[in-house]
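What follows is calculated from the coordinates using simple rules that are stated; it is not laboratory data. From a predicted model like this one, the values you see are computed outputs, not experimental measurements. Don't worry about glycine lacking a Cβ; one is built from the backbone with ideal geometry, like all the others, and counts go over all protein chains shown.
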Amino acid sequence: MTSAQIAVTALGAVAIVWVLWYFLYSRGNAVASTPTAGGVQEVRVTVKGGYTPDTIVVRAGQPVRLQFYRDETADCSERVVFEEFGIDQQLPPFQTTTVEFTPEKPGEYPFRCGMSMLKGLLVVEPAGERRAAPSPHKFHGVAA
Ligand SMILES: [Cu+2]
């Protein structure tokens, strides 16, 4: 290989590593809920210096059951707050605490610890739709 080819290959490798890092680490981890037989969308979240997963994808109009397992005693994660749903729940250490509600409207609803240091995001998708990538054509639409 010429030095130019080596440089291009190296740049490509750096780009791949960066993309992997960006999606796997900097953006946290997303999990879609698994509906139970009763139609409840259940997700287990581990609380330890953050929320794992920190992005939870559910459908609108169906009950959501989040099971927070707090795997630490750090004061920071003592409470979990979903402001839009009026939830401010205490999480005892080394226990699983269930938080249940039904999101009626699609949207993105942040959740956090009592001090807003730990952050997570609940993504509520329209009922009955699969998660779709943002349309590349959205800027080309005809104005209403
Ligand atoms: Cu905190």
Exercise. Looking at the stretch 58-117, which chymotrypsin sites (Phe, Trp or Tyr not before Pro) are in a loop (DSSP not H, G, I, E or B) and have at most 10 other Cβ atoms within 10 Å?
Worked result: Phe94
Exercise. Calculated FRET efficiency, Ala10 and Lys48, Cβ-Cβ r, R0 30 Å, to nearest 0.05?
Worked result: 0.25
Problem set entry | Integer Hz, Karplus 6.51/-1.76/1.60 couplings in order for the stretch 97-112, x for Gly and Pro | 10, 9, 10, 10, 6, 10, x, 8, 10, x, x, 10, 10, x, 10, 7
Problem set entry | Highest to lowest packing among 113-122, 2-11, scored as the average C-beta count within 10 Å | 113-122, 2-11
Seminar exercise, completed: Under 5 Å from the placed amide H of Ala32, counting only residues 5+ away or on other chains, we find Val57
Problem set entry | Leading residue at positive end of dipole, the stretch 25-84 (Cβ point charges), from Val58, Thr73, Val45 | Val58
Exercise. Kirkwood Rh, the stretch 33-125, all Cα pairs: how many Å?
Worked result: 13.0
For this session: Quick one: which residues, 5+ away or cross-chain, put their amide H under 5 Å from the amide H of Ile87? H built at 1.01 Å from N.
Result: Phe82
Problem set entry | Label-point separation in nm, Asp71 to Thr36, each point 7 Å along Cα→Cβ | 2.2
For this session: Enumerate the amide H contacts of Tyr51 below 5 Å, restricted to partners 5 or more residues apart or on another chain; note that Pro and chain-start residues carry no placed amide H.
Result: Lys119
Problem set entry | Filtered GluC sites (Glu not before Pro), the stretch 84-119: DSSP coil and at most 12 other beta carbons within 10 Å | Glu104
For this session: Please turn the phi angles of the stretch 29-43 into ³J(HN,Hα) values with the Karplus equation 6.51 cos²θ - 1.76 cosθ + 1.60 (θ = phi - 60°), one per residue in order, whole Hz, x for glycine and proline.
Result: 10, 10, 9, 8, 5, 10, x, 7, 4, x, x, 8, 8, 10, 9
